[in-house]
Amino acid sequence: MELQDVINKRRSVKQYEPYEMDRETITKLLNKASLSPSAWNLQQWKVVVAHSDEAKEKLYEAANKQIKIKESSATFIVLGDLNAHNIIGDIADDWIKHNHIPAEKREGLIQSVNTFFEDETNKRDEAVRGASLFAMNLMLISEDEGYATCPMIGFDKQAVVDAFNIDDNLVPAMLITIGKGEMSNNRASRHEVSSFAKFE
């Protein structure tokens, strides 16, 4: 599908048909979504895939008992890593290997990144931003592959963390259900560009 067609067709589907997705298919989608952009290529996203009946039941309880958790093929718990910058040394080495920076810039890059992430607001903002960019990519790629998705914020973050033993450095950004389904309602109106964009 052309990108604009994918964007036009993608809807937040809330009702799913019975459909089983295998791990290979889900892994392929995640691999494609991993081409998402991130500051310094830190790739802050982590994902827990609630795929089994047991995992779905736990997430259903933590997500205000929304039935689409159970009806969908799986739900992605998309997380942002507050400590993603800890791999900046490896990132710097990879950049040197691919001729993105000269070797003499390595220590300066590491110092700049570590200084930026000393600020707790920067740390959290980047974790959520990186996870959100990944999430949008994942939804568009899933649409292109013929799957329906729905991003969700209606869940108890602490309950999700507890239910899935998620590390303290990982921030739940959103849930994304995935499966087979259609949205039959007409798309709701969108704001005119003039209402949200200002040219200077």
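The values are calculated or read from the model by the stated rules, or taken from the named source; none is laboratory data. It should be emphasised that the depicted structure is a prediction, and the values quoted were computed from it without experimental measurement. Here the Cβ is made from the backbone with ideal geometry for all residues, glycine too, and neighbour counts use every protein chain on show. These area figures cover heavy atoms from the full protein model, side chains too; ligands, DNA and RNA do not enter into them. Shrake-Rupley method; radii C 1.70, N 1.55, O 1.52, S 1.80 Å.
Think of a 1.4 Å ball rolled over the protein heavy atoms: segment 25-78 then has 47 Å² of accessible area per residue.
What translational diffusion coefficient, to the nearest whole µm²/s, does segment 30-77 have by Stokes-Einstein, given a Kirkwood radius computed over alpha-carbon pairs, a temperature of 20 °C and 1.002 mPa s viscosity? Rounded, D is 176 µm²/s.
Return, ordered by residue number, the residues of segment 157-188 whose backbone nitrogen is under 18 Å from a label point located 7 Å along Cα→Cβ of residue 1. Residues 176-188 qualify, since their backbone N sits under 18 Å from the label point. Of the peptides 168-174, 24-30, the order by per-residue mean of other Cβ atoms within 10 Å, starting with the highest, comes out as 168-174, 24-30. Residue 128 sits with roughly 50 Å² accessible to a 1.4 Å probe, with DNA, RNA and ligands left out of the calculation. Checking the Cα-Cα distances for 28/97; 56/157; 70/123; 9/46; 70/180 against a 23 Å cut-off, the pairs over it are 28/97; 70/123; 9/46. Taking the Cα centre of each part, how many Å lie between segment 47-106 and segment 24-41? First find each Cα centre; the distance between them is then 9 Å. Quick check: from the Cα gyration tensor, does segment 149-200 come out rounded (a/c under 1.5), prolate or oblate? Note, shape of segment 149-200 comes out oblate.
Between the listed residues 83, 62, 96, the Cα displaced farthest toward the positive end of the dipole of segment 55-106, a dipole computed from Cβ unit charges relative to the Cα centre, is found at 62. On full extension, the segment bounded by residue 156 and residue 189 gains 8.9 nm, given 0.36 nm per residue less the C-alpha separation. Ranked by solvent-accessible area (1.4 Å probe, protein heavy atoms only, all chains present), the residues 124, 11 order from largest to smallest as 124, 11.
Each residue of segment 36-46 was assigned a 3J(HN,Hα) from its phi angle through the Karplus expression (A = 6.51, B = -1.76, C = 1.60, θ = phi - 60°), giving 4, x, 7, 4, 6, 6, 6, 6, 5, 7, 10 Hz with x at Gly and Pro. For the chain, the fraction of 1.4 Å probe accessible surface lying on carbon and sulfur atoms is 48 percent. Among 134, 164, the order of accessible area from largest down is 164, 134, computed with a 1.4 Å probe on protein heavy atoms. In a simple Cβ point-charge model (Lys, Arg +1; Asp, Glu -1; nothing else charged), segment 72-200 has a dipole of about 440 debye relative to its Cα centre. A 1.4 Å probe, protein heavy atoms only, puts the accessible area of residue 78 near 0 Å². In the context of the full set of protein chains, segment 118-159 has a per residue accessible area of 47 Å² (1.4 Å probe). Accessible area per residue (1.4 Å probe, heavy atoms of protein chains only) ranks 21, 1 as 1, 21, with the largest value leading.
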